[in-house]
Amino acid sequence: MGNDQDRMDIFDRCACDECRHFFGEGECQAFPEGIPLAVLNGEVEHCHPIAGDHGIMFEPREK
C-alpha cells in the first residue's frame, strides 16, 4: 500500500459506515458473519473484490 495519507484517502472512500451494504456492528451483506479487521481498519481497500465478499463491494450510501 502507499503512505499514511494514501491509506486515509482509501479509507475515506471505502469506509464501511458510508456503504449502502453496511448493517452496523461490524456486519454487512458482503460479510454477514463479520467484516474482516483488515477491511474495517482500512488495510484492505474494499472498492475492489476481495476473497469472501460474495461479489459485493463498497457502494456509497445514498444521501
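With respect to the conditions (1) assigned to a loop (DSSP other than H, G, I, E, B); (2) surrounded by 11 or more Cβ atoms within 10 Å (Cβ to Cβ); (3) at pLDDT below 85; (4) on the phi < 0 side of the Ramachandran plot, GLY42 lacks only one, and its number is (4).
Filter the range 11-39 for residues that are acidic (Asp, Glu) and in a helix (DSSP H, G or I) and give the result.
First, pick out the residues of the range 11-39 that are acidic (Asp, Glu): 12, 17-18, 25, 27, 33.
The answer is ASP12, ASP17, GLU18.
The residue list GLU25, GLU33 contains one member that is of a type in the set (Asp, Glu) and modelled with pLDDT of 90 or more, which is GLU33.
For the range 45-57, give me the residue count where each residue is among the acidic types (Asp, Glu) and at pLDDT 90 or above.
Filtering the range 45-57 down to residues among the acidic types (Asp, Glu) leaves 45, 53.
Of the ones still in play, those that are also at pLDDT 90 or above are 53.
Final tally of qualifying residues: 1.
Looking at the range 12-22, which of its residues are more than 8 Å from the chain's Cα centre (by Cα) and at pLDDT below 90?
Of the residues in the range 12-22, the ones more than 8 Å from the chain's Cα centre (by Cα) are 12-13, 17-18, 20-22.
Selection gives ASP12, ARG13, ASP17, GLU18.
The values are calculated or read from the model by the stated rules, or taken from the named source; none is laboratory data. This structure is a prediction, so every number in the text was calculated from the model and none was measured. With ideal geometry, Cβ positions are generated from the backbone for all residues, glycine too; neighbour counts draw on all protein chains shown.
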